Amino acid sequence: KEPVSLDVPIGDDGDSQLGDFIEDNATLSPMAAAMQASVQEKLKEALDGLSPREAKVLRMRFGLDTTTEFTLEEVGKQFEVTRERIRQIEAKAMKKLRHPGKSEHLRSLMESQ
């Protein structure tokens, strides 16, 4: 098949172009971008109550800053500790996040979904 330009005129009056009708799936809609920013802010507020080490362990384990979730082993290598120690750090951090006084940020995040 012959490639077609996205700038080719469409319609009787020719004031529209083919590219005007093709959705850009790589770009978030303004609403989705606003929701994502809100989620990121609430997550940051929740993780601010943790030590930097605990926060980084959770970010790596749950893929919060990237699309990659790391195993206990992989996180352990990053911190030069055993996977059991990473499991302990993760458990302690999760316990802190579940504390009623500190979980308000996460609760409001869940309610907005």
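FYI, it's all coordinate maths here, none of it is from the lab. Please read all numbers here as calculations on a predicted model, not as lab measurements. Every residue, glycine as well, gets a Cβ built from its backbone with ideal geometry; the counts of neighbours run over all protein chains shown.
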Output row, site LEU28, 7 Å Cα→C-beta label point, backbone N cut-off 12 Å, window the range 47-61, residues none
The answer for ILE10, listing residues at least 5 apart or on another chain whose modeled amide H is closer than 5 Å to its amide H, is SER16, GLN17, LEU18
Mean separation of Cα contacts under 8 Å (at least 6 apart) over the residue count of the chain, i.e. the relative contact order in percent, is 20
Taking r as the C-beta separation of ASP12 and GLN78 and R0 as 41 Å, the FRET efficiency to the nearest 0.05 is 0.10
Full-extension gain between ALA37 and HIS99, please, as 0.36 nm times their residue separation minus the C-alpha to C-alpha distance. 19.9 nm
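Over the Cα atoms of the chain, what is the Rg over Rh ratio if Rh follows Kirkwood?
Rg divided by Rh gives 1.27.
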